[in-house]
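This report concerns only the one structure given below.
The values are calculated or read from the model by the stated rules, or taken from the named source; none is laboratory data. Just so it is clear, the model here is predicted, and its values are computed rather than measured. Here Cβ is always computed from backbone atoms with ideal geometry, including for glycine, and neighbour counts include all displayed protein chains.
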Amino acid sequence: MWISEGFLHRNSDDLEELGSKYYKELILRNLIEPVTKWADQQVCSMHDVVRSFSQFVARDEALAAHSGDTGFISKLSAHKFLQLSMEKKVSESDGLDWSSLHAQKTLRTLILVGPISMKPSDSIVDFPCLRTLHTEYVDVAVLVESLGKLKHLRYLFIWKSDISSLPDNIGNMKFLQFICLIKCQQFVKVPHSILKLRQLRYLNFHDSSVNSIPRGFCVLTNLRNLRGFPAHTDGVWCSLDEFGPLSDLRSLGVQRLENVSVTSSAAKAKLGEKVHLTHLFLYCSSRLGDDGLITDEKGVSEEEQRQIAGVFDELCPSPSLEYLDINGFFGRRLPRWMMSRSAPVFKSLRIIFMLDLACCTQLPDCLCQLPCLQDIKIRRAPAIKHVDLNSCSPTRHRLRFRD
């Protein structure tokens, strides 16, 4: 969001690193405080005093309102703002109408958390200057058709919405840098024109229903973060082939890896050559039910176990990796690059999460030898009966195992 607002000024190659530096500086100065239940300081809270002071300083440009705030509508009518944030509980059915925002023609940032009443005829073209649109628990499907007319939009974040598609003309939004559609279960299709967004730095379809991406995705070489990318094949082509030229990736998340039928396709992803890659998320569809047992009565065949293990073997990341998340893996053994004695080559690896290891029988003995490792969390791995903790230090490593 800082990048989209133009707050960061430096070489465009390292804007994410600069933003991360500023974020950590805010933590060090106690202006924001990390929420402990989130790993890697991903989420922070702000003290009420700091928040109140910030709102006072920005009172002529920004308005932030929460459930129960009185006078919110009157402020909207009396003043034009650049930034507007409205948060209400999902359970609250009454309150704000989309029409009450129409007067804010100069808005650059609009943040909506919680439901807002809309009519089928509502449009977002009333905000021609909008650069940042962030919504959570807002049904914005009626706005999709007009979304493509926001020529200055740089940041689009939609969480838990009824949206089923992006506008077909999204390729005309040439300044768009950030697209994030999380937990949008009805979202199924990525328009081909997205390949025109050469400024795109962040793309996330995590926990949506997207099952394919347009061919030629590899032209988006400016991407730094890519999550929710669906693995799928079409004849001799595999979507993983598209990763090869994306050399600037910092974070990569791939789902439905069980769809990759040829290990050579995984090799073409060239993860080992991506020297900037620090966060890697490798997901398969889980073979475990709610009871923690394999759902298929026939189990997972040895051929399926060998096949998925071979695919993961070829997805070996570079030594720059700091964060590894493996979910739904159903091979009998973990990838060779984790089991091998050469695993300590990952000298920067700090956090490992593994969930739903249906058939895996053994964990690597060398994990605790990783010099920077701080946190290992393993959940639902029914075939693992023994864990060797002899090389782990309780003062340096946090180990968590759950059924």
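Of all the criteria given as (1) surrounded by fewer than 16 Cβ atoms within 10 Å (Cβ to Cβ); (2) not basic (K, R); (3) not in a helix (DSSP H, G or I), the one not satisfied by G272 is (3). Before we move on, is C184 part of a loop (DSSP other than H, G, I, E, B), buried (at least 19 other Cβ atoms within 10 Å of the Cβ), touching a strand residue (DSSP E or B) at 6+ places or on another chain (Cβ under 7 Å) and not assigned by TED's automatic domain parsing to the domain that holds E273? So C184 passes the test. D248 meets the conditions (1) among the acidic types (D, E); (2) touching a residue at least 60 places away in the same chain (Cβ under 8 Å); (3) closer than 30 Å to R402 by Cβ in every case but one. The failed one is (3). From the set of residues in the stretch 204-232 that are of a type in the set (V, I, T) and in contact with a helix residue (DSSP H, G or I) (Cβ under 9 Å, 6 or more places away or on another chain), which is surrounded by the most Cβ atoms within 10 Å (Cβ to Cβ)? Checked the stretch 204-232; the qualifying residue surrounded by the most Cβ atoms within 10 Å (Cβ to Cβ) is I213.
Within the stretch 215-237, being closer than 20 Å to D248 by Cα, in a loop (DSSP other than H, G, I, E, B) and either out of contact with any Leu (no Cβ under 7 Å at 6 or more places or on another chain) or not aliphatic (A, V, I, L, M) (or both) holds for R215, G216, T221, N222, R224.
Contact map, the stretch 139-165: residues that are of a type outside the set (A, V, I, L, M) paired with residues that are surrounded by fewer than 22 Cβ atoms within 10 Å (Cβ to Cβ) and in a helix (DSSP H, G or I), Cβ distance under 7 Å, separation 6+ or inter-chain. Pairs shown: G148/N172; D162/A141; S164/A141; S165/V144. Here L249 clears all of (1) outside any loop (DSSP other than H, G, I, E, B); (2) modelled with pLDDT of 95 or more except the condition numbered (1). If I ask for residues that are in a loop (DSSP other than H, G, I, E, B) and in contact with a Ser or Thr (Cβ under 6 Å, 6 or more places away or on another chain), which ones from the stretch 288-319 would you list? Hits for the stretch 288-319 are G289, E314. Can you say whether E25 is within 30 Å of S247 (Cβ to Cβ), within 29 Å of the chain's Cα centre (by Cα), at pLDDT 85 or above and not aliphatic (A, V, I, L, M), as far as the supplied structure shows? Spelling it out, E25 is indeed within 30 Å of S247 (Cβ to Cβ), within 29 Å of the chain's Cα centre (by Cα), at pLDDT 85 or above and not aliphatic (A, V, I, L, M).
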